[in-house]
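J.: The structure is given below, and queries will be raised subsequently.
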Amino acid sequence: MPELPEVETIVRGLRKKIVGRKIVGVWLGWPKLVKSHNPAEFARILKGKKITGVERRGKNILMDLSAPKGVELKLLTHQKMTGHFMVGKWRLAGDKWESLNGGHLGHKKNSYIRLMLTLDDGRGLGLSDVRKFAKIILGERKEIENLPELKKLGPEPLERGFTFSEFEKIAKNKKSAAKRALLDQNFIAGIGNIYSDEILWLSRIHPLQPISSLSKERLQKLFKAIKWVLQKAVRLRGSSVSDYRDSSGKPGSYAKTRFVYRKAGEPCPRCGAKIISMKVGARTGHFCGKCQKISA
DNA sequence: CGATTCCCCTGATAGC
DNA sequence: TGCTATCAGGGGAATC
């Protein structure tokens, strides 16, 4: 499940591999993936365009496209749960793409490639997505930048401009419980279920603790934990708890040293008490019942 | 306004 | 063995 660190890792990989490349072919195996155009239009527009940049905003990937005399376009991708881009050499075998360099998750054939953009260097940019939750929107630069899914996003937690005073301001006005707030993309962008559990454990905050009730001192701890956990995860190239892989097919290593995520029943790395799992809204949260207590 | 539920999907796993 | 039920989960929309 790509969150900020996984998306950042993919974006950095893509920047090296595909910026400057021209799209020469478009194969769309799951038409519903593209929300903005029908498959024929989508392919017609993309063909011949040059990829001039790749950026991340929250968990979204934005690719800049330009044609010799055309308007500048942007391609927005949200990978949701199981989506990830893979760059490599590919061969179409029937209706399945076969990787010619390494395969994917132990299989040579990747049955889950939903989109393949073939590039002018003979490689291909594939989007693999088991559960078909990913989405793509293509449009003019301004149009994409003004989409509510980007406009409404909260601050980028790893940016220098995201300071404690800004965090304090938004946290004081936030009514919801800590776990819910961290998962809210319009509160802070990029945090998902893995890192919200990890951040709360590190700052010793109970998932249901109302965030606005935290003292300045505890809010500072939380703020530091957000930066620390996300930075560490970016350094370790993300978490591969299930099927996340980077754009070269390599797993991330954060999961090996994680504290609590999906560790119900195991001892807390800090105090040894059993880690508990609990539903928080529609998500499963994991935390230590002993060192993450709700306070008044 | 916030909280909850449904929906989109498929693979893994548990239960029979 | 093989079937079915359940769950996982990002996030937007509809609903309470």
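The values are calculated or read from the model by the stated rules, or taken from the named source; none is laboratory data. Please read all numbers here as calculations on a predicted model, not as lab measurements. Every residue, glycine as well, gets a Cβ built from its backbone with ideal geometry; the counts of neighbours run over all protein chains shown.
J.: Which residues, taken from the range A:112-146, are crowded, with 17+ Cβ neighbours inside 10 Å and of a type in the set (Gly, Ala, Ser)?
T.: Scanning the range A:112-146 gives A:Gly124, A:Gly126, A:Ser128, A:Ala134, A:Gly139.
J.: While we're looking at this one, here's another question. Taking only the range A:250-279 into account, find how many residues are within 13 Å of DNA strand C (Cβ to nearest atom), closer than 20 Å to A:Ala181 by Cβ and buried (at least 19 other Cβ atoms within 10 Å of the Cβ).
T.: Qualifying residue count, the range A:250-279: 2.
J.: Is it the case that the range A:160-175 has a residue that's within 15 Å of DNA strand C (Cβ to nearest atom) and either closer than 18 Å to A:Leu62 by Cα or in contact with a Ser or Thr (Cβ under 7 Å, 6 or more places away or on another chain) (or both)?
T.: The answer is yes; a qualifying residue exists.
J.: For residues that are touching a Phe, Trp or Tyr at 6+ places or on another chain (Cβ under 6 Å) and part of a helix (DSSP H, G or I), scanning just the range A:155-175, find the one that is surrounded by the fewest Cβ atoms within 10 Å (Cβ to Cβ).
T.: Filtering the range A:155-175 for residues that are touching a Phe, Trp or Tyr at 6+ places or on another chain (Cβ under 6 Å) and part of a helix (DSSP H, G or I), the one surrounded by the fewest Cβ atoms within 10 Å (Cβ to Cβ) comes out as A:Phe164.
J.: Considering only residues that are within 16 Å of DNA strand C (Cβ to nearest atom) and surrounded by 15 or more Cβ atoms within 10 Å (Cβ to Cβ), look in the range A:49-73 and name the one that is farthest from A:Asn193 (Cα to Cα).
T.: It comes out as A:Leu62.
J.: Now for a separate question. If you check A:Lys227 against the conditions, is it among the charged types (D, E, K, R), within 16 Å of DNA strand B (Cβ to nearest atom), farther than 29 Å from A:Pro39 by Cα and in a helix (DSSP H, G or I)?
T.: No.
J.: Regarding the range A:11-32, can at least one residue be identified that is within 16 Å of DNA strand C (Cβ to nearest atom) and either out of contact with any Asp or Glu (no Cβ under 8 Å at 6 or more places or on another chain) or not assigned by TED's automatic domain parsing to the domain that holds A:Asp129 (or both)?
T.: Yes, some residue in the range A:11-32 is within 16 Å of DNA strand C (Cβ to nearest atom) and either out of contact with any Asp or Glu (no Cβ under 8 Å at 6 or more places or on another chain) or not assigned by TED's automatic domain parsing to the domain that holds A:Asp129 (or both).
J.: Looking at (1) under 15 Å from the mean Cα position of the chain (by Cα); (2) in the same structural domain as A:Gln209 (by TED's automatic domain parsing), can you tell me which one A:Ala181 breaks?
T.: Among (1) under 15 Å from the mean Cα position of the chain (by Cα); (2) in the same structural domain as A:Gln209 (by TED's automatic domain parsing), the lone unmet condition for A:Ala181 is (1).
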